[in-house]
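A short worksheet on the structure shown next.
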Amino acid sequence: MIYDLKYNDSISSEDKEKLADKLATIAVEFLTTTIMVTPYIFVIVPTPASKDREIQPLYLLADRVAYKLNRMIDFDYIKKIKNTSELKSIEDPTQKAEILKNAFSCDKRYKNKKILLIDDLFCSGSTLNEITKTLYNQGEVNNVYVLCFTKTRSKR
């Protein structure tokens, strides 16, 4: 479903919205019944988009999750301040981490608050680790919970 949402251009915008709604329903069920962090979440923040698209699939997903959880969403809180090369072809997590070092910024508007950080794809965790460091160090947030919709397969 994530693949279709991101890459299948033959799917209409309306169908992509329905797909995002279905994925958000699954995510909210997981958040409320399995890890039960929803009472603590103050704001939902998506990771910055790595590629310009007419419809940003991750932002659509994050918006649906926020709506279903009745939580505020902030699309502009995390800023990508450093141009980085595309990371999906790089397999070494240390190399990814070095490329992403100091690539993001945020302010203190959610100081001492709990944030749900949403990403569509987990590969090595390098992006989420760097953003989380930024949220704790620059934003001085209290907690960061992370929700990813899918994980890449490892090459074995």
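The values are calculated or read from the model by the stated rules, or taken from the named source; none is laboratory data. These numbers were taken from a predicted model, which means no experiment stands behind them. FYI the Cβ positions are ideal-geometry reconstructions off the backbone, even for glycines, and counts take in every protein chain you see. Quick note on the areas: whole protein, heavy atoms, side chains included, nothing else; ligands and nucleic acids left out. Shrake-Rupley method; radii C 1.70, N 1.55, O 1.52, S 1.80 Å.
Structure data summary
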item	result
Subset tally (residues that are closer than 16 Å to residue 115 by Cβ, open to solvent by 60 Å² or more (accessible area, probe 1.4 Å) and not in a helix (DSSP H, G or I)) for region 25-45	1
Residue list for region 101-125, filter: without any contact (Cβ under 8 Å) to a residue 60 or more places away in the chain and touching a Ser or Thr at 6+ places or on another chain (Cβ under 9 Å)	102, 103, 104, 105, 106, 122, 123, 124
Subset of region 117-144 (residues that are within 18 Å of residue 44 (Cβ to Cβ) and in contact with a helix residue (DSSP H, G or I) (Cβ under 8 Å, 6 or more places away or on another chain))	117, 118, 119, 120, 121, 122, 127, 141, 143, 144
Helices (runs of 4 or more DSSP H) within region 48-156 that include 3 or more residues under 16 Å from the mean Cα position of the chain (by Cα) and surrounded by 13 or more Cβ atoms within 10 Å (Cβ to Cβ)	57-69, 126-137
Pairs with Cβ under 7 Å, 6+ apart, first in region 3-21 and free of Cβ contacts under 8 Å to residues at least 60 places away in the same chain and surrounded by 12 or more Cβ atoms within 10 Å (Cβ to Cβ), second of a type in the set (Asp, Glu) and assigned to a helix (DSSP H, G or I)	11/4; 19/4
